[in-house]
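Undergrad: Structure in structure tokens, see below.
The values are calculated or read from the model by the stated rules, or taken from the named source; none is laboratory data. Since the model is a prediction, treat every value here as computed from it, not as a measurement. Using ideal geometry, Cβ is built from the backbone for each residue, glycine included, and neighbour counts are taken over all protein chains shown. Side chains included, ligands, DNA and RNA excluded: accessible areas come from the protein's heavy atoms. Shrake-Rupley method; radii C 1.70, N 1.55, O 1.52, S 1.80 Å.
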Amino acid sequence: MISRVRSAGVNGIVPYEVTIETGISPGLPHFTVVGLGDTVTKESRERIRVAFAHCGIKLMNKKIVVNLAPADIKKEGSHYDLPIALSVLAALGLVTGDLNRFLVAGELALDGSVRKVKGILPLAEHAAKCRLHLICPVENVPEASFIRGLKIFPVSRLGEAMDFLNGKKLLSPLIGDSEEIAERGYKGFSDMSEVRGQAVAKRALEVAVSGRHNILMVGPPGTGKTMLARRIPSILPPMSRSEALEVTKIYSVSGLLTEKNPVKVNRPFRAPHHTISDVGLVGGGHHPKPGEISLAHKGVLFLDEFPEFKKGAIEVLRQPMERKEIHITRAAYAVRYPADFLLVTAMNPCPCGYLGDKIKECRCSPSDIYRYRRRISGPLLDRIDIQVEVPRVEYRELKGGWEEESSYSIRERVLKAAAVQKERFKKRGFSFNAQMPPGLVKTFCPLTDEADRLLESAVKEYALSARSYHRILKVARTIADIEEQDVIEDVHVAEAVQHRRILDEMLENY
């Protein structure tokens, strides 16, 4: 007798169907799993043997072969335990229900209990698309509930799943609906009003967030670069439901969702240490996992002490910064992860950190500064739209006595600018000025005569590249959107040009 149970695997975050086929035939007692499963998947037969014995189920002295189809695609993970067990039970005639209506996932413990698994959300999404019901561990229900309309049958033990499929126990389905989960607002975020002074840097961050422009903050130690960066989530627009689903799938396959936070509602903020490996940043490994750039999808990737990162790691950022996804190809696999992030970086102006400081004198030689700057390549720096200086804050500003602008006020302007861009590009397949291809820049970035003359002068004087020219126009377009102007004026161009000159000006003044 041959039985079939439907499950699914994940390539990157994209699910694909896996059919569990079990055949029982006469021969020497043997239990084998074929179909290109990894070590964890092949070990399922031992977990199933012991779980069956604990539940009082006796395997007949026959040959049992389990095939994971399609057989030419590598299968990974422990979530195949439960579907394999149910497939064997169906082949033995111990489960008689219609298994074809369900997609099954779950890990078996040796006592027959069903444990939580990683990556349930892409599987749940696949089940909904195929109009199947989902049988999964109880602990995975909050995560799977994010898929609207999906019927979820949670089980805590193998025996419970058997009784349900045999009609001996009634399980009330849970219907996926995450509306109340998705309305958590901005709780727990630090506020921009806590940062004293730094009006220019705050303005630059507002422009960067409004148009999704990558930004570099340069300044001495202790001036507030990290403090500013960690408050960026408080001025970001809220995620749409589709964005939240995509981000949550990444965290689901990474096993980073918790019972308290089963869904990623707020935009991610990732700040890896500069000692991170290439694989940790871009993803991959023996068992492929998303890296930090994918975990920052639809959110912020903050790289503090930017020149201290391994050169190879930060150079890999160039492709995902342009394509908004990362392709990882190895001998054993090829996966693709989304990587649409806002890159926020911070660095000292020189090795000692005090180049251009008003109080402390820089101790670095020109060659020291040159070697330090060379750690960031020109092509990568060219892809960062905005550079802003974060200087030492004067005592008067630190002491205060007045209220700094709140994140709420800044966010209101960001939301208005984002709405303008969304309307402008609604038929173009993207939503922000930074994503504008060069062919559309002329169409959507009209200049006044004064602005055109100023930009021409800047291009000639600073020998700007074609990429720099287009990025200046995009930043100027965002500044004009914030100011609610349809046409880009000379003041907008001047601000945009200034934001590409900070590092050069520091060296010129050295």
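Undergrad: Can you name every residue in region 259-307 that is in a helix (DSSP H, G or I) and among the hydrophobic types (A, V, I, L, M, F, W, C)?
TA: Within region 259-307, 279, 281, 282, 293, 295, 306 qualify.
Undergrad: Going through region 76-97 one residue at a time, which ones are part of a loop (DSSP other than H, G, I, E, B) and in contact (Cβ under 8 Å) with a residue 40 or more places away in the chain?
TA: As a first pass, look at region 76-97 and keep what is part of a loop (DSSP other than H, G, I, E, B): 76-80, 92-97.
Matches in region 76-97: 76, 77, 79, 80, 92, 93, 94, 95, 96, 97.
Undergrad: Kindly list the number of the only condition in (1) at pLDDT 90 or above; (2) closer than 15 Å to residue 308 by Cβ; (3) open to solvent by 20 Å² or more (accessible area, probe 1.4 Å); (4) not β-branched (Val, Ile, Thr) that fails for residue 374.
TA: (1)
Undergrad: What tally of residues in region 119-144 results from selecting those that are touching a strand residue (DSSP E or B) at 6+ places or on another chain (Cβ under 9 Å) and either of a type in the set (Lys, Arg) or free of Cβ contacts under 8 Å to residues at least 12 places away in the same chain (or both)?
TA: Residues flagged as touching a strand residue (DSSP E or B) at 6+ places or on another chain (Cβ under 9 Å) and either of a type in the set (Lys, Arg) or free of Cβ contacts under 8 Å to residues at least 12 places away in the same chain (or both) within region 119-144 amount to 1.
Undergrad: Now a separate question. Six or more apart or on different chains, Cβ under 6 Å: which pairs go from a residue in region 6-21 that's farther than 15 Å from residue 82 by Cα to one that's of a type in the set (A, V, I, L, M) and open to solvent by less than 40 Å² (accessible area, probe 1.4 Å)? Could you list them?
TA: 10/253; 11/335; 12/335; 13/250; 13/253; 15/8; 15/123; 17/8
Undergrad: Which condition from (1) open to solvent by less than 40 Å² (accessible area, probe 1.4 Å); (2) at pLDDT 95 or above is the one that residue 37 breaks?
TA: For residue 37, the exception is condition (2).
Undergrad: Oh, and also: Kindly list, by first and then second residue, each pair from a residue in region 252-263 that is open to solvent by 30 Å² or more (accessible area, probe 1.4 Å) to a residue that is part of a loop (DSSP other than H, G, I, E, B), limited to pairs with Cβ atoms under 6 Å and residues at least 6 apart or on different chains.
TA: Filtered contacts from region 252-263: 255/118.
Undergrad: Still on this structure, I have one more. Select from region 384-427 the residues that are of a type in the set (A, V, I, L, M) and in a helix (DSSP H, G or I) and write down the one among them that is surrounded by the most Cβ atoms within 10 Å (Cβ to Cβ).
TA: Out of the qualifying residues, it is 417.
Undergrad: Scan 453, 471, 501 and give me the residue that is closer than 20 Å to residue 383 by Cα and modelled with pLDDT of 90 or more.
TA: 471
Undergrad: Tally the residues that are of a type in the set (Gly, Ala, Ser) and surrounded by 15 or more Cβ atoms within 10 Å (Cβ to Cβ), restricting the search to region 318-337. Give the derivation first.
TA: To start, the set of residues in region 318-337 that are of a type in the set (Gly, Ala, Ser) comprises 331-332, 334.
Filter once more, so that each one left must be surrounded by 15 or more Cβ atoms within 10 Å (Cβ to Cβ): none.
Selection size over region 318-337: 0.
Undergrad: Related question: Look at residue 363 and say whether it is open to solvent by 70 Å² or more (accessible area, probe 1.4 Å) and not in a helix (DSSP H, G or I).
TA: So residue 363 fits the description; yes.
Undergrad: Of the numbered conditions (1) out of contact with any strand residue (DSSP E or B) (no Cβ under 8 Å at 6 or more places or on another chain); (2) closer than 30 Å to residue 437 by Cβ, residue 336 fails exactly one; give the number of that condition.
TA: Here residue 336 clears every test but (1).
Undergrad: Taking region 451-499 as the search range and keeping residues that are assigned to a loop (DSSP other than H, G, I, E, B) and of a type in the set (Asp, Glu), which one is least open to solvent (accessible area, probe 1.4 Å)?
TA: Filtering first and then ranking leaves 489.
Undergrad: Residue pairs, Cβ under 6 Å, 6 or more apart or interchain, first in region 150-166 and in contact (Cβ under 8 Å) with a residue 40 or more places away in the chain and of a type in the set (Lys, Arg), second assigned to a loop (DSSP other than H, G, I, E, B) and open to solvent by 30 Å² or more (accessible area, probe 1.4 Å). List them.
TA: Here the result reads none, with nothing in region 150-166 linked to a residue that is assigned to a loop (DSSP other than H, G, I, E, B) and open to solvent by 30 Å² or more (accessible area, probe 1.4 Å).
Undergrad: Any chance region 34-54 includes a residue that's closer than 19 Å to residue 155 by Cα, in a loop (DSSP other than H, G, I, E, B) and without any contact (Cβ under 8 Å) to a residue 60 or more places away in the chain?
TA: Within region 34-54, none of the residues are closer than 19 Å to residue 155 by Cα, in a loop (DSSP other than H, G, I, E, B) and without any contact (Cβ under 8 Å) to a residue 60 or more places away in the chain.
Undergrad: For residue 85, indicate whether it is surrounded by 18 or more Cβ atoms within 10 Å (Cβ to Cβ), modelled with pLDDT of 95 or more, within 39 Å of the chain's Cα centre (by Cα) and not basic (Lys, Arg).
TA: Details: surrounded by 18 or more Cβ atoms within 10 Å (Cβ to Cβ): yes; modelled with pLDDT of 95 or more: yes; within 39 Å of the chain's Cα centre (by Cα): yes; not basic (Lys, Arg): yes.
Yes, satisfied.
Undergrad: Please verify whether residue 315 is at pLDDT below 90, surrounded by 12 or more Cβ atoms within 10 Å (Cβ to Cβ) and under 20 Å from residue 280 (Cα atoms), treating the condition exactly as stated.
TA: So residue 315 passes the test.
Undergrad: Moving to a separate point now. Any chance you could count how many residues in region 2-46 are of a type in the set (A, V, I, L, M) and more than 13 Å from residue 66 (Cβ to Cβ)?
TA: Result for region 2-46: 6.
Undergrad: Check 216, 256, 228, 245 and return the single one that is under 13 Å from the mean Cα position of the chain (by Cα) and more than 14 Å from residue 299 (Cβ to Cβ).
TA: 245
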